[in-house]
Amino acid sequence: SLIIQLDRQTVVGKRLLNEVLNFDGDNQKYAYTGIGLANLLDGELRFAEKNFDKALELDPKLTAAILNKGVVQSMTNNYSEANRLFKSTLERDLEDNVAYILLARNYIDIWEKTNKPRYLDDAEQLLLSFVEKNFDYKQEAYFLLAHIQFLKNNKSRLIDFLESALDTDPSLTELHKHDILVYREMVSWKSLLPWCEQLYQKQAEHYDFLAK
């Protein structure tokens, strides 16, 4: 799984995990999840979902498989099912807080499709409660809160949340324990970069206006 997640050697990773399926019955659920993760990284969404389903047949509460299946649903615009899957993992005590960020991102994606304000409100409330008690993914959460204010055209709160994001140690997320089988590209800074550029452009326009 490290080969898949860190080195992106999906072909080698899938081959090794298929060997696990043949010889190690105790770890089959993790092998299916790892193969599904490789499928996801390769853009093979249909195969990814099939492998996550196989893992969940063996263990219906396997968090990584649930979250990754939620990502597939989000990528295929099945947002309501993605929400259900992400929320189902929040009902238990998680060591890995990526589920909150995935759910918030999904709410924002729904807003972009529907333009219904309640989805931005749901994302905002989720993230506000999250940052009060968590350090893992805290900077990402503050940035998403700033982005939500940008979408709501709430300039004063946008600045507040941007400052909170900049004041947060960026290494906090890396220092926490994370499940190596969970797909994180949707909430990586690379994925969030277009939103960062939007905020930068908006702020640049704002200060250019003040300077005139």
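The values are calculated or read from the model by the stated rules, or taken from the named source; none is laboratory data. The shown structure was predicted, so the numbers you read here are calculated from the model rather than taken from an experiment. A quick note on method: Cβ atoms are made from the backbone with ideal geometry, for glycine too, and the neighbour counts reach across all protein chains shown. Just so you know, the surface numbers come from the protein's heavy atoms only, side chains and all, with ligands and any DNA or RNA stripped out. Shrake-Rupley method; radii C 1.70, N 1.55, O 1.52, S 1.80 Å.
Each residue in the range 20-53 was checked for being polar (S, T, N, Q) and open to solvent by 40 Å² or more (accessible area, probe 1.4 Å), and 3 pass. If the condition is being more than 14 Å from Ala99 (Cα to Cα) and open to solvent by less than 50 Å² (accessible area, probe 1.4 Å), then the range 54-71 contributes Ala55, Leu56, Asp59.
For the range 128-145, the tally of residues that are open to solvent by less than 40 Å² (accessible area, probe 1.4 Å), over 17 Å from Ser188 (Cβ atoms) and in a helix (DSSP H, G or I) stands at 3. The residues on offer are Asp96, Asp53, and the sole one that is in a helix (DSSP H, G or I) and out of contact with any Leu (no Cβ under 8 Å at 6 or more places or on another chain) is Asp53. Of all residues in the range 141-149, one or more are in contact with a Phe, Trp or Tyr (Cβ under 6 Å, 6 or more places away or on another chain), touching a residue at least 40 places away in the same chain (Cβ under 8 Å) and within 27 Å of Gly36 (Cβ to Cβ). For the range 101-116, a residue qualifies if it is open to solvent by 50 Å² or more (accessible area, probe 1.4 Å) and either touching a residue at least 24 places away in the same chain (Cβ under 8 Å) or touching a Gly at 6+ places or on another chain (Cβ under 8 Å) (or both), and exactly one does: Lys113.
Considering only the range 73-98, state which residues are of a type in the set (S, T, N, Q) and either surrounded by fewer than 15 Cβ atoms within 10 Å (Cβ to Cβ) or at pLDDT 90 or above (or both). Scanning the range 73-98 gives Gln73, Ser74, Thr76, Asn77, Asn78, Ser80, Asn83, Ser88, Thr89.
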